[in-house]
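Before any comments, here is the structure.
The values are calculated or read from the model by the stated rules, or taken from the named source; none is laboratory data. Please read these numbers as outputs of a predicted model, since none were measured by experiment. Positions of Cβ are backbone-derived with ideal geometry, glycine not excepted, and every protein chain shown enters the neighbour counts. Remember, those area values only see protein heavy atoms, side chains included, never the ligands or the DNA or RNA. Shrake-Rupley method; radii C 1.70, N 1.55, O 1.52, S 1.80 Å.
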Amino acid sequence: MLEIHDVDTYYGPNHVLRDLNIEVNQGEIVTLLGANAAGKTTTMKTIFGIVKPRNGTLTFKGERIDTMGTDQIIAHGLALVPEARRVFPRMTVFENLEMGAFLNNDRSVIDQDIERMYALFPRLKERAKQVAGTLSGGEQQMLAMGRALMARPQLLCMDEPSMGLSPILVQTVFDTIQEIRKQGVTVFLVEQNAFMALNIADRGYVLQQGQIVLTDTAKNLLDNDLVRRAYLGG
Amino acid sequence: MLTLATVMIPASASPVGIFFQQLEIGITLGAMYALVALGYTLVYGIIELINFAHGDIFMWSTVVTLAVIQAMGITASPGPVKLIGLLILLLAIGMLVSATLNYTIERFFYKPLRKAPRLAPLIAAIGASFILETIAQLWRGSSFVAFPSIFPSVGITFGSVRVNLLDVVIVIVAVVLMYGLERFIRLTRMGKAMRATAQDPEAAALMGVNINRTISMTFIIGGALAGAAGVLYNLYIAQVWFFTGFQLGLIAFTAAVLGGIGNIYGAVLGGFVIGLIEALTIQYVPGGFAWADAVVFAILVLILVFKPSGLLGQQIPNKV
C-alpha cells in the first residue's frame, strides 16, 4: 500500500534519512521504532510532503506521492496524527473534528462521522464545545486521533501517540488503534514505547541514526536481542 | 490629521453638544480605520507579516475611484437612485482594485520569501509600499485632488449634533462588511481554512487545506476591505493624495495592535477606539489637529511596552 523506496532526506547539510526502505501492506499495523533523533518524525514528514526527499520515491497504492503537496497527499487517503498532537488550540473540539473532514463536502457523512468519533472517544462528546487548547494532554491525543479519522483515511499514520500520556491513557490509545484496524484502516505507527507498539503490530522496523537496521515480524522483534537491549530495557 | 480640517464643527454648539458631535465623528472615522485594520490583522494572523504596503493598497482604491468618477464626468450629486448605483459601483471597483493589488503583491513579493528570515518579507513590504506610492504620484501628481461631493449634505440634527446621511452610510457599509467577514470566517469552508492556517499551518495542511490558496484568499479579503474603506474615505474626506495611505495605514495598524494583532474583533474595537481618541483629541487638546497623530502613535508605543498582546490578545496556550 505504502512503499518508501531508497529515500534520502536532508535538513540543510544534515543527512537525516539514509537509504530508507519501508513497506506497509493493506490491513497491517506496522510500527517504526527508534530512539530520540533517530529520524522517526522526519520519516513522517517525508511521507506527508512536509519535507521533500532528495533521493528515492514514495508511492501510495502505486501512485507517486513524493511529488505532491501535503493537501494532495491527504486527498489520496492518508492521514497523520502528528507528534505533539497539534490540535487547533482556539477551535472547539467539534470544529477540530470538522477540520479533519475538510476534504469531505457531504454534511450528513460528516455529522455521522462526528457521532462515530464521540462513540469512540466519549470524552470528546463531553467537551464538544470547549476550545481544544484547554484540553488535557490525553484529551488532545483523543482529539488528534479523532480528527485524523474524520478524513476516512485508508492509511492512518501516527507519530508517537503515547508520548506524555499516563499508563492508563497509553493503554486506551493502543486499544483504540486496534479498534481502528478492525474497522479496515491500515496503521503505520511511529513509537518510542516499543513494548506496547510491538504488542499490537504485525511487523516492525528499527530505525537508528536515519537507517533501518532491522525489520521483522513484531513477534520476532519482541524476542530480538538488539530490540530488547535498546528499547525494552531487558 | 490635516485632512480632518474639512470636517466642520458648528460654532454655536453647547459643551455637551460638542462632545457628542466629536463622538459622531470618531465613530465615522473609526469605521474606516477598522476596515483597514482588519487587513493588517488578517495577514498578520495567517503569516505573521506586517504588510507595510497595506495603507497604499487602501490609497490605490481612492486614486482609482477618483479616476472613475472623473471619467464619468460626475461633479455633483446625481440624485438618490443614481447615487445608490454609483455608490455600489465605486465600492465594487475600489474593492476589486485593492484586492487584486494585494493578491499580486503577495504573489510576487511575499510568497517567494515565505521561507526566508522574517526580516526579508518585511523589507519587501516596505519596498512594495514605495512602489505603489511612487506610481500613484507619477499618475496623479504630488498635490491633493478633490473628490467631487456626490452625497447631498442632508442629515438629521439632534440639538446641536448633526448626523449626516453620509456618516450613517459609511458606518452601515463598514458594519455590513465586518459582519459579513465574521460570518465568512466562522461558517464557510474557506473561513475555517483561514482560521486553521492561522493557528497551525502545518496541521492545517495535514487536514487537506491548500495553504497557498488560503494565504492568497486572506490577502484578497484584506485588500477588498481596504478598498471599501478607500471609497468611504473619498466620500468623507474628499481629498485624494498619493501619500494618504502611509499615514492612515499607520493609524489603522495602531488600531490593530491596540485590539490585539491577529484578532479580528480586536481590529474592529481598536479601529473605533482610535477613531474616538482622534476625534476627542482634535477637540479637547489645545492645538488638537497638530496633536492627533502624536497621541495615536504615543498609544502605539504604550501598548507595545505595556500590553503587546493588545486589548483582546490571545491568551490560550498552544500546547498543554
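Among residues that are open to solvent by 20 Å² or more (accessible area, probe 1.4 Å) and at the interface with chain B (Cβ under 9 Å from one of its Cβ atoms), A:Ser108 is not included.
Are there any pairs, at least 6 apart or on different chains, whose C-beta atoms fall under 9 Å, with the first in segment A:54-82 and within 22 Å of A:Gly210 (Cα to Cα) and away from every other protein chain (no Cβ under 14 Å) and the second assigned to a strand (DSSP E or B) and aromatic (Phe, Trp, Tyr), and if so, which? Sorted first by the residue in segment A:54-82, then by its partner, the pairs are A:Arg54/A:Tyr10. Note on segment A:167-234: enclosed strands (runs of 3 or more DSSP E) holding 1 or more residues that are in contact with a Ser or Thr (Cβ under 7 Å, 6 or more places away or on another chain) and modelled with pLDDT of 90 or more are A:186-191, A:203-208.
Evaluated against (1) open to solvent by 10 Å² or more (accessible area, probe 1.4 Å); (2) part of a loop (DSSP other than H, G, I, E, B), B:Leu258 falls short on exactly one condition, (2).
Within this structure, A:Asn96 fails the test of being open to solvent by 30 Å² or more (accessible area, probe 1.4 Å) and of a type in the set (S, T, N, Q). Here B:Gly79 fulfils each of the conditions (1) crowded, with 24+ Cβ neighbours inside 10 Å; (2) modelled with pLDDT under 95 apart from (1). All but one of (1) within 30 Å of B:Phe246 (Cβ to Cβ); (2) at the interface with another protein chain (Cβ under 10 Å from one of its Cβ atoms); (3) surrounded by 22 or more Cβ atoms within 10 Å (Cβ to Cβ) hold for B:Ala226; state the number of the condition that does not hold. It fails just one condition, (2).
Conditions tested, residue by residue: (1) touching a helix residue (DSSP H, G or I) at 6+ places or on another chain (Cβ under 6 Å); (2) outside the structural domain of A:Leu32 (by TED's automatic domain parsing).
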| residue | (1), (2) |
| --- | --- |
| A:Gly138 | yes, yes |
| A:Gly146 | yes, yes |
| A:Ser162 | yes, no |
| A:Ala197 | no, no |
| A:Ile200 | yes, no |
| A:Gly204 | yes, no |
| A:Ala218 | yes, no |
| A:Asn224 | no, no |
| A:Arg229 | no, no |
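Which one is farthest from B:Val231 (Cα to Cα), of the residues in segment B:74-133 that are touching a residue at least 24 places away in the same chain (Cβ under 8 Å) and polar (S, T, N, Q)? Result: B:Ser129.
Do we have A:Ser136 as open to solvent by less than 70 Å² (accessible area, probe 1.4 Å), more than 11 Å from every other protein chain (Cβ to nearest Cβ) and polar (S, T, N, Q) here? Explain how you work it out, then say what you get.
Values: open to solvent by less than 70 Å² (accessible area, probe 1.4 Å): yes; more than 11 Å from every other protein chain (Cβ to nearest Cβ): no; polar (S, T, N, Q): yes.
Taking the combined requirement at face value, the residue does not satisfy it.
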